[in-house]
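The values are calculated or read from the model by the stated rules, or taken from the named source; none is laboratory data. Everything quoted here is computed from the prediction, not taken from an experiment. FYI the Cβ positions are ideal-geometry reconstructions off the backbone, even for glycines, and counts take in every protein chain you see. What goes into the accessible areas is simple: the full protein's heavy atoms, side chains included, and nothing from ligands, DNA or RNA. Shrake-Rupley method; radii C 1.70, N 1.55, O 1.52, S 1.80 Å.
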Amino acid sequence: MKTKGPLLWSLNEPFRVDEIDLGDPVENEVQIRMHAAGMCHSDYHLTTGATPIGLPALGGHEGAGVITKVGKGVTGLEEGDHVILAFIPACGQCLPCLKGFRSLCDRGALLLGGKAIADGTSRIHAGSREVSPMNLLGTFAPYMTVHKDSVVRIDPDVPFEAAAIMGCAVPTGFGSATNVADVQPGETVIVVGVGGIGTSALQGAVISGAKHVIAIDPVPFKRDQALKFGATHVYPTMAEAVVPIIDLTYGIMAQKTIIAVGEIRGEMIEEAMTLTAKTGTCVVTGMGSLLDVDVKLNLFLFTMLQKTLKGNIFGGGSSHVETPRLIGLYKSGMLKVDEMVSQTYRLEDINQGYQDMLDGKNVRGVITFDQADW
Ligand SMILES: NC(=O)c1ccc[n+]([C@@H]2O[C@H](COP(=O)([O-])OP(=O)(O)OC[C@H]3O[C@@H](n4cnc5c(N)ncnc54)[C@H](O)[C@@H]3O)[C@@H](O)[C@H]2O)c1
Ligand SMILES: [Zn+2]
Ligand SMILES: [Zn+2]
């Protein structure tokens, strides 16, 4: 079918909405009509080359919609089902999957390769060019054809905009606190960078019973928002937070620190580790460039104070386990997801949406689709 999508044709250029040809679902695939898609910072990393992908690329790995076509061999999904997209299609059979670490499925190695898992061919073309969809999804297009393992069915009463950001921001951030950092009641937790991911991490810490939840962000609007999502203290920079956190914790510092800045740089690690307690854990959720290998870290203190530095992909969980849990918390009112959607955009305004993200205007911006797009 002919549809459209925001394509990246070369680095450091804006997305350009172009016509695309989308293939029908083959065996083990479904086609989805998209209703909402979240603008995660990770798609912006494609535009700078920090995350390398074949060009032209189609952005978007966070979204929700309705199944319109079902390929052969698909069980448990039907036309009309409301679904969200998981940005790691877990196979359930590789070693990490079998050990319960589905966010680390070996299929992760294929995510930026552009070829459909089902048969190794390209499902999207722009003229004669093969298009690489972000994380084998491309949620910024009004229709998508994707593998069944990228799809999680949800209750139809969940609004699409909230559902969309439960594809990446919410599970990645929330899980960085609950699964990866393993926040315990009474702990002090610091979240550095409170955009979509950090605000979800902050909520994960609050719901886990953290005593102090400290948000650090240079943007005043983000700090105001963080207080509404349960932060107990806010500071503009890590440097400015050191003395107040010494006072607050009697010098113990934070048992858990989560870094969720938009663009992580090596020198941030030492700053965050300084804020982290003896035997504490610092979780790195924010992403930098694939080519960046320099980290600043006081190795003496790292060793002698027995600290842990941990990576995090997709919140360390399985989307089929995490999604019902998160939707349950959302429906109970404990997890604020609607409130995270600061602004909605038409697909054609995607570059404005990303500019607003860079300018710190949104907790999360979301593209919504309607009849005019389908
Ligand atoms: N690990 C994963 O699985 C995963 C998944 C999704 C996104 N990410 C990454 O997480 C990061 C956050 O994504 P997002 O969509 O929430 O981005 P965002 O741009 O919405 O939010 C980033 C926040 O960091 C703040 N910030 C920037 N520099 C800072 C600094 N020096 N100190 C404190 N705060 C600072 C910004 O003001 C902003 O509020 C990105 O790097 C993204 O690529 C990782
Ligand atoms: Zn994301
Ligand atoms: Zn697997």
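Annotation note: GluC sites (Glu not before Pro) in the range 77-173 located in DSSP loop regions with a Cβ neighbour count of at most 14 within 10 Å are E78, E79. Using a probe of 1.4 angstrom and keeping all protein chains present, the accessible surface of the chain works out to 41 square angstrom per residue. Full extension of the chain between D106 and R33 yields a length gain of 23.5 nm, computed as 0.36 nm times the residue separation minus the alpha carbon distance. Each Lys and Arg adds +1 at its Cβ and each Asp and Glu adds -1 at its Cβ; summed about the Cα centre, the range 156-260 shows a dipole of about 80 debye. Here the calculated FRET efficiency for R129 and T48, from their Cβ-Cβ distance with R0 = 22 Å, stands at 0.55, rounded to the nearest 0.05.
Which listed residue (H35, I67, T47) has the Cα farthest towards the positive end of the charge dipole for the range 1-107, taking +1 on Lys and Arg C-beta and -1 on Asp and Glu C-beta about the Cα centre? Final value for the positive-end residue is T47. Of Y44, Y250, the order by accessible heavy-atom surface (1.4 Å probe, DNA, RNA and ligands excluded), from most exposed downward, is Y250, Y44. A Förster radius of 51 Å, combined with the Cβ-Cβ distance separating E348 from T303, puts the computed FRET efficiency at roughly 0.45. Placing +1 on each Lys and Arg Cβ and -1 on each Asp and Glu Cβ, with no other charges, gives the range 219-299 a dipole about its Cα centre of roughly 300 debye. Normalised by 2.2 N^0.38 Å, where N is the number of residues, the alpha-carbon radius of gyration of the range 321-374 equals 1.39. Between the Cα long axis of helix 319-332 and the first principal axis of the chain there is an angle of about 70°, rounded to the nearest 10.
Take the Cα of E79, step 7 Å toward its Cβ, do the same at D294, and the gap between the two points is 5.8 nm. Taking the 1.4 Å solvent-accessible surface of the chain as the whole, the part contributed by carbon and sulfur is 54%. Under a 5 Å amide H cut-off, with hydrogens placed 1.01 Å from N, S132 pairs with A57, L58 among residues at least 5 apart or on other chains. For M287, the residues whose modelled amide H falls within less than 5 Å of its own, excluding neighbours fewer than 5 places apart on the same chain, are I264. Please give the helix 196-207 orientation as an angle from the longest Cα principal axis of the chain, in degrees from 0 to 90, rounded to the nearest 10. Tilt relative to the chain: about 60 degrees.
Rounded to the nearest whole Hz, the Karplus-based 3J(HN,Hα) values (6.51 cos²θ - 1.76 cosθ + 1.60, θ = phi - 60°) of the range 20-34 follow the sequence 10, 9, 10, x, 6, x, 8, 4, 6, 10, 9, 10, 10, 8, 7, with x at glycine and proline. A Cβ-based charge dipole, computed about the Cα centre of the chain with Lys and Arg at +1 and Asp and Glu at -1, lands at about 780 debye.
Taking the C-alpha atoms only, the angle from helix 238-249 to the longest principal axis of the chain is near 60 degrees. Here the Karplus relation 6.51 cos²θ - 1.76 cosθ + 1.60, evaluated at θ = phi - 60°, turns the backbone of the range 266-276 into coupling constants of x, 6, 5, 5, 4, 4, 5, 5, 5, 7, 9 Hz, with x for every Gly and Pro.
Evaluated over the range 258-374, the count of Lys pairs having alpha-carbon atoms less than 27 Å apart is 8 (only pairs 8 or more residues apart or interchain).
Dividing the summed -39500 (n - 2.57) terms of all DSSP H runs of n ≥ 4 by the residue count of the chain sets its mean residue ellipticity at 222 nm at -7000 deg cm²/dmol. Taking the alpha carbon gyration tensor of the range 66-201, multiplying each eigenvalue by 5 and rooting it gives semi-axes of 28, 18, 16 Å, largest first.
Ranking T303, A201, G288 by how far each Cα lies toward the positive end of the dipole of the chain (charges on Cβ) leaves T303 at the top.
The Kirkwood radius of the chain, taken over pairs of alpha-carbon atoms, gives through the Stokes-Einstein law at 25 °C and 0.890 mPa s a diffusion coefficient of 119 µm² s⁻¹. Computed from the alpha carbon atoms alone, the convex hull of the range 239-362 holds 175 Å³ per residue. Each Cα pair of the range 126-258 feeds into the Kirkwood radius, which the Stokes-Einstein equation turns, at 25 °C and 0.890 mPa s, into a diffusion coefficient of 148 µm²/s.
In the range 312-351, the ratio of gyration radius to Kirkwood radius, Rg to Rh, stands at 1.11 when only Cα atoms are counted.
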